[in-house]
Amino acid sequence: MPLRPYLLLIGALFVMGCSSKPKPAENTSVKKVESKNSLPGTVRGKGWKIRWMTQDPKDRQKQVPLLIAKSETGELFYQGNIPNLRMKQVQAQLFQDGIMSATLEAGALEANRKSRRLIATKGVRVNNLIAPNVLKVTADKITWDTKTHSALAEGSAHLERPATTKTPKITSQAPKIWLDTKTGDMRIMGGNE
């Protein structure tokens, strides 16, 4: 028997792919994955370091810091789809339009991302609220609204602002002190100057 037909048969099998593997079957069943916008429960921890960013008002493509904080303990919890932050024994830097505007120390701090409001309580001390060495505020509670650029100090509120070439030294203690954190305007409510 001539060798040529066998060689042709082997060559044909090689070209046709006798060693090719069958294609895997396509998966026609698609599983739907449900996504939740909120996490159930609360996440708690010690030694927290938080960087809270917000949209840059000058450039919608950029994020700028709003708060950088460290605390002994902290927790993140959801109310509906809104993340809330609660920290204890806090040291923080507060930013306004991406520029650091204050340092804060407090026994407790709560933040709500939707309302863009920070509430510090338990022996609150704020330094350099407008610019370095401009004023110091202490109070039982300070609420800082980042949307309206205002802060309200309540409960044994005490304010000190050193004299400048344009303004005299101001020292005040009152039940409430309201501050515009952008312009430096203030209102003393029910106290003495």
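The values are calculated or read from the model by the stated rules, or taken from the named source; none is laboratory data. As the structure is a computational prediction, the values presented were derived from the model and not from experiment. Please note: Cβ atoms are built from the backbone with ideal geometry, for glycine as well, and neighbour counts cover all protein chains shown.
So the values come out like this:
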| read-out | value |
| --- | --- |
| Check on E160, assigned to a strand (DSSP E or B), touching a residue at least 24 places away in the same chain (Cβ under 8 Å), surrounded by fewer than 18 Cβ atoms within 10 Å (Cβ to Cβ) and among the charged types (D, E, K, R) | yes |
| Identity of the residue in region 168-193, assigned to a loop (DSSP other than H, G, I, E, B) and under 23 Å from L94 (Cβ atoms), that ends up farthest from the chain's Cα centre (by Cα) | D185 |
| Residue in region 167-183 that is closer than 26 Å to T54 by Cα, among the hydroxyl-bearing types (S, T, Y), crowded, with 16+ Cβ neighbours inside 10 Å and modelled with pLDDT of 85 or more present | no |
| Elements of type strands (runs of 3 or more DSSP E) contained in region 1-99, each with 1 or more residues being surrounded by 14 or more Cβ atoms within 10 Å (Cβ to Cβ), polar (S, T, N, Q) and modelled with pLDDT of 85 or more | 63-79, 82-96 |
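Results for (1) in a strand (DSSP E or B); (2) surrounded by fewer than 21 Cβ atoms within 10 Å (Cβ to Cβ), shown as yes or no for each residue.
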position: A102; (1), (2): yes, no
position: L109; (1), (2): yes, no
position: V126; (1), (2): yes, no
position: V134; (1), (2): no, yes
position: A139; (1), (2): yes, no
position: W144; (1), (2): yes, no
position: E154; (1), (2): yes, yes
